[in-house]
Amino acid sequence: MARDYRVMALLLAALVAAPFLGVYPVLLMKILCFALFATAFNLLLGYSGLLSFGHAAFFGGAAYITGYLCKDLGAGPVTGILAGTAFAVALGWVFGSLAIRRAGIYFAMITLALAQMMYFVWIQLSFTGGEDGLQGIPRGRLAGILDLSSDLNLYFVVLAICAAGFWIVYRAIHSPFGQVLKAIRENEPRAVSLGYDVDRVKLLAFTLSAGLAGLAGAMKCLVLQLASLTDVHWHMSGEVVLMTLLGGLGTVFGPLVGAALVVVLQNAAVFGRWTLVAQGVIFVVCVLLFRRGIVGEIAVLFRRVTRPPRA
Amino acid sequence: MEIFGIPLQGLFGQLLVGLINGSFYAVLSLGLAIIFGLLNIINFTHGAQYMMGAFFAWIGLTKFGLSYWWALLVAPLLVGAIGVVLERTMLRRLYHLDHLYGLLLTFGLALIIEGIFFNEFGSSGQSYDIPDVLAGGTNLGFVFLPNYRAWVVVASIAMCLVSWFLIERTRLGAYLRAGTENPKLLQSFGVNVPLLITLTYGYGVALAAFAGVLAAPVFQVSPDMGSKLIIVVFAVVVIGGMGSILGSIVTGLGLGLIEGLTKVYFPEFSATIIFLIMVIVLLLRPAGLFGRSR
């Protein structure tokens, strides 16, 4: 725990200083949004063992709602983000209620199919701009005062919200609620026999995760001033799995590292048109060789170094 | 003649399209069911393998002059062989783990295969001509039936029946079913279970490729043809009940027809109707129509 806090403080200090050290704020914001998205996803897969393959529905759905409110209805950024998040919470509750009726692979496929249903809904609706998506979404002024069209201003708002979201997940997994989640992951029948209302706990975790994924999507929409079909496509659901797996399932900082790596690799365009193949290869290599992910493997290495074998 | 304001001609036309789509759903979900039954893995690569079948037929024709009928045999064998290699080298290492890792691995493989085909052939679709024998159509009086489409339906249903017979009525099928119940016990009887698993995966993959070759003259041959279709097939599988052979065939065809009907009466719902049915089925029968709860 204490080590977690030290890492968090260092990370926060680094993030506050980063834009002044010449790192492009928009890239940082994109990383932050995806880091929050992956953290929310990790709450489900890493701590509850629920593989949702439909998280793009919450991320992209919230982006559409926020984008529509801010662009076409002239709402402010706070209203936009709150509405997007609320939409994701509601959708998460509905999807969760349906999906937790089945476990394991079934759960994954049901979430995937439900998300795909939403994908078609967004194509049909008139305000989403179809293939073009919503473009040029205004960032507006925070509470009517702080001008968010400045990248630096927006950066600190996004940083604060992401840090709060990260903190919520961290508190959740280190609370009795989080312990019940882990108990369900390890042995569901035992958790049931201990008297826990397993379905309710799972649904709560699913809704929380969906809401935070939506928050991430709503902010991404303001940062890039764009909401499009890419955000709700099932490739996005796969991407967030990749980020979490690459960083380390069920680790506190894994999703942050995974998200940062994937976003940077995409932006740097090192793979060019081989990006899709590269992502696939990373997936396969992680599943076959490094199932703990980067942070997970480092943690094991660290423990091996600091704790010499007993004589 | 009209039914609820829709000309009979149009209604039967859409039903025919629905029947064709249903045939593809049936063959693909059957392949998934067979693989899931013995390997307990959702083969996320299935869509990519279907796409490979179509592309191998197209490459065979344009580069090597391979006829459609040979492609129908060669492409499934080739793709099935690739599947066998994947099972031997990768999937095999995951059986002792949570089944979710199998899903994630096959998802990664699907990205790799699709990425390679995108780079090699671009995203625009290629067309594949209908073989001469099956060109043209027959006028049945109430609807004009293109011969090739009739052939697709017949071939798909025949393939489903052959697979059903293999699994339910032969000794090999008996081993397969025993393997899904208790692999360790079966192994102690001297059956080579790992080989059985490998062949099962190969067969399921070959089915996907077979569907791909059938699809080549109907749809555009393009790298994303599989990923578009496979999500619907997953929904079909959830509705039918995972791993049920009969369930996948009946639900596949039935949902194709329902989708066709929806296109006639409520066109804007046609893309989502299968997912809506999935939600309703899940509420009433969480294990699917033909599924057993595990």
Next item on the list: Restricting things to alpha carbons, tell me how big segment B:91-193 is in terms of Rg and Dmax, in Å.
Entry: 21.5, 60
Checklist line | Per-residue average of Cβ from other chains inside 10 Å of A:98-110 | finding: 6
Check: Looking only at chymotrypsin sites (Phe, Trp or Tyr not before Pro) in DSSP loops with at most 14 other Cβ atoms within 10 Å, what is the longest site-free stretch of chain B?
Finding: B:5-141
Checklist line | Average partner coverage of B:91-103, which counts Cβ from other chains inside 10 Å | finding: 4
Notebook entry, point to check: Once segment A:74-207 is represented by equal point scatterers at the alpha-carbon sites, with solvent omitted, what log10 I(q)/I(0) does the Debye formula produce at q = 0.09, 0.11, 0.21 Å⁻¹?
Noted result: -0.42, -0.61, -1.26
Margin query: Tell me the total accessible area that B and A bury against each other, 1.4 angstrom probe, in square angstrom rounded to 100.
Written below: 3900 Å²
Next item on the list: Could you work out, residue by residue across A:271-283, how many beta carbons of other chains sit within 10 Å of that residue's beta carbon, and then give the average as an integer?
Entry: 5
Check: What accessible area per residue comes out for segment A:123-238, rounded to a whole number of Å², with a 1.4 Å probe?
Finding: 44 Å²
Check: What is the set of long-range amide H partners of residue B:145 at a cut-off below 5 Å, with H atoms built 1.01 Å from backbone N?
Finding: B:138, B:139, B:140
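Pop out the carbon and sulfur fraction of the accessible area of segment B:1-86 as a percent, whole number, probe 1.4 Å.
C and S atoms contribute 76 percent here.
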Note to self: Helix-only mean residue ellipticity at 222 nm, chain A, DSSP H runs n ≥ 4 weighted -39,500 (n - 2.57), per residue, nearest 500. What is it?
What the structure shows: -24500 deg cm²/dmol
Next item on the list: Please get the size of the charge dipole for the protein assembly as shown, origin at its Cα centre, with Cβ charges of +1 on Lys and Arg and -1 on Asp and Glu, quoted in debye to the nearest 20.
Entry: 2000 debye
Next item on the list: Taking all pairs of distinct Cα atoms, average 1/r, flip it, and tell me the Kirkwood hydrodynamic radius of segment A:185-311 in Å to one decimal place.
Entry: 17.3 Å
Note to self: Using Cα springs under 10 Å in a Gaussian network model of chain A, which residue among A:222, A:256, A:159 shows the largest mean-square fluctuation?
What the structure shows: A:159
Checklist line | Span per principal axis, largest first, for the Cα atoms of segment B:196-279 (Å) | finding: 45, 30, 17
Check: Can you pull the three principal axis extents for the Cα set of chain B, in Å, largest first?
Finding: 64, 51, 35
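Just add up the charged neighbours of residue B:54: K/R +1, D/E -1, any other residue whose Cβ is under 15 Å from the Cβ of residue B:54.
Around residue B:54, the surrounding residues sum to -2.
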Check: With helices defined as uninterrupted DSSP H runs, which ones in chain B have an alpha carbon span along their own long axis of at least 18 Å and mean Kyte-Doolittle hydropathy of at least 1.6?
Finding: B:8-39, B:193-215, B:225-240
Next item on the list: Could you pull the Rg and Dmax for chain A, using just the Cα atoms, both in Å?
Entry: 19.3, 71
Notebook entry, point to check: Which entries in A:182/B:184; B:228/B:263; B:63/B:228; A:182/A:220 show an alpha-carbon gap greater than 22 Å?
Noted result: A:182/B:184; B:63/B:228; A:182/A:220
Checklist line | chain A - percent of accessible surface contributed by carbon and sulfur, probe 1.4 Å | finding: 66 percent
Notebook entry, point to check: Based on the Cα atoms of segment B:8-70, what semi-axes does the equivalent ellipsoid have, where each is the square root of 5 times one gyration tensor eigenvalue, given in whole Å with the largest first?
Noted result: 25, 24, 8
Note to self: Would you calculate the convex hull of the Cα atoms in the protein assembly as shown and tell me its volume per residue in Å³?
What the structure shows: 182 Å³
Next item on the list: Assuming R0 = 51 Å, can you tell me the calculated FRET efficiency for the pair residue B:98 and residue A:143, based on Cβ-Cβ distance, to the nearest 0.05?
Entry: 0.65
Note to self: Shape verdict for segment A:1-87, please, from the Cα gyration tensor: rounded (a/c under 1.5), prolate (a/b greater than b/c) or oblate.
What the structure shows: oblate
Check: Can you give the accessible area per residue of segment B:222-294, in Å², using a 1.4 Å probe?
Finding: 40 Å²
Next item on the list: May I ask for the net charge around residue A:290, where only other residues with Cβ less than 15 Å from the Cβ of residue A:290 are counted and Lys, Arg are +1 while Asp, Glu are -1?
Entry: +2
Check: Considering only B:117, B:130, B:182, whose Cα is most displaced toward the positive end of the charge dipole of segment B:81-207, charges sitting on Cβ of Lys, Arg (+1) and Asp, Glu (-1)?
Finding: B:182
Item checked: Protection proxy ranking, peptides A:21-31, A:211-221, average beta carbon neighbours within 10 Å, highest first -> A:211-221, A:21-31
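Counting each DSSP H run of 4 or more residues in chain B as -39500 (n - 2.57), what helix-only mean residue ellipticity at 222 nm follows after dividing by all residues, to the nearest 500 deg cm²/dmol?
So the calculated ellipticity at 222 nm is -24000 deg cm²/dmol.
The values are calculated or read from the model by the stated rules, or taken from the named source; none is laboratory data. No experiment lies behind these values; they were computed from the predicted model shown. Glycine also receives a Cβ, built like all others from the backbone with ideal geometry; neighbour counts cover every protein chain displayed. Quick note on the areas: whole protein, heavy atoms, side chains included, nothing else; ligands and nucleic acids left out. Shrake-Rupley method; radii C 1.70, N 1.55, O 1.52, S 1.80 Å.
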